[in-house]
Amino acid sequence: MTCSFVGTALALGYKVYAATFRRIKRRRVSLAFWFACMLSGCTTLPNGRGWGEDVTVKPGWSRLGEAAVQAVSRPRFWGPLVAAGATQIDGWDRRISNWARRQTPVFGSQANAANWSDYLRSASVVTGWASIAVAPSGPFGEEWLWNKVKGSAVDVVAAELAIESNAGLKRLTNRERPNGYDNQSMPSDHTATSAVYTRIAADNLALSGFDERAELGADITLDALTAATAWARVEAGAHFPSDTLVGASIGNFFADFFTAAFLAAPESQTQMRLQTIPKGATLQWRRAF
């Protein structure tokens, strides 16, 4: 009952948000976007660099390997895969799907759930681009614009590769949808798209140097947006739960991998720090392995 209440509350919250967003005129959205860009114009990242300034097209095999290991070692990558495997036990994947399609506890009908899956996916994309707009890229000007172009290029490639990889897996798995519409059920494209863009937003906020509580709050909110998208697809009868979980894992991987490999400044392997103490000073040396 508690889970149902929480899910319903989240869905209603997103409904209010999306309904409000659709009423805003396109001109006002454009003005808001550029106003956000101007707000980010005079700030930089905690390391003094601008967001997008450290983009590289030649990260080297070592950095690529480290980025891949980091991406697959995070719970947001392997957690959904483990959960997807667990749903195969005793037919729970199909049981949950059948129950969600019959009851539609959050969205009220399969048609409504299908519509809301589109709205929520679009909201995820908007959120990703908004994070690019407000990321601190240094003083507004030519360098600021170039930093935005480089950083956004990395994020766009990450998103497109996630979506294309998802489409390729669809053809390989050839799994029939719960509603029997076609054989494109595994994995979920809506969920992969939502996951990659919300994770891009979360990674960009993390690079911007927000405090831990704000970063945690953003992570929870963005993950909820992806979860709502995924559940809408299940209620719509377009996907089994495992399809959405695999899609979420794909989106999370590509966002985290491209951020670490191409966008974020590489962390120094060796760090030295001089710190004063009441009766002298200490020299700290640290090496990352």
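Here is a check on your reading of the model: is Ser131 under 30 Å from Phe262 (Cβ atoms), at pLDDT 95 or above and assigned to a helix (DSSP H, G or I)? Here the answer is no, as Ser131 does not meet what is asked.
Condition first: in contact (Cβ under 8 Å) with a residue 24 or more places away in the chain and either part of a helix (DSSP H, G or I) or among the hydroxyl-bearing types (Ser, Thr, Tyr) (or both). Now tell me which residues in the stretch 95-110 satisfy that.
So in the stretch 95-110, the residues in contact (Cβ under 8 Å) with a residue 24 or more places away in the chain come out as 96-98, 100-101, 104-107, 110.
Of everything in the stretch 95-110, those that are in contact (Cβ under 8 Å) with a residue 24 or more places away in the chain and either part of a helix (DSSP H, G or I) or among the hydroxyl-bearing types (Ser, Thr, Tyr) (or both) turn out to be Ile96, Ser97, Asn98, Ala100, Arg101, Thr104, Gln110.
Determine if the stretch 229-243 includes at least one residue that is modelled with pLDDT of 95 or more, buried (at least 19 other Cβ atoms within 10 Å of the Cβ) and closer than 23 Å to Trp51 by Cβ. No, because not a single residue in the stretch 229-243 is modelled with pLDDT of 95 or more, buried (at least 19 other Cβ atoms within 10 Å of the Cβ) and closer than 23 Å to Trp51 by Cβ.
Note on the stretch 213-228: residues that are of a type in the set (A, V, I, L, M, F, W, C) and at pLDDT 95 or above amount to 5. One residue alone among Thr193, Thr173, Thr221 is β-branched (Val, Ile, Thr) and buried (at least 24 other Cβ atoms within 10 Å of the Cβ), and that residue is Thr193.
Selection of the stretch 178-210 for residues being touching a residue at least 24 places away in the same chain (Cβ under 8 Å) and part of a loop (DSSP other than H, G, I, E, B) yields Pro178, Asn179, Tyr181, Ser185, Met186, Pro187, Ser188, Ser208, Gly209.
Among the residues in the stretch 71-79, are any touching a Ser or Thr at 6+ places or on another chain (Cβ under 6 Å), of a type in the set (A, V, I, L, M) and buried (at least 16 other Cβ atoms within 10 Å of the Cβ)? No, the stretch 71-79 has no match at all.
The values are calculated or read from the model by the stated rules, or taken from the named source; none is laboratory data. The structure presented is a predicted model; accordingly, all values stated were derived computationally and were not measured. Please note: Cβ atoms are built from the backbone with ideal geometry, for glycine as well, and neighbour counts cover all protein chains shown.
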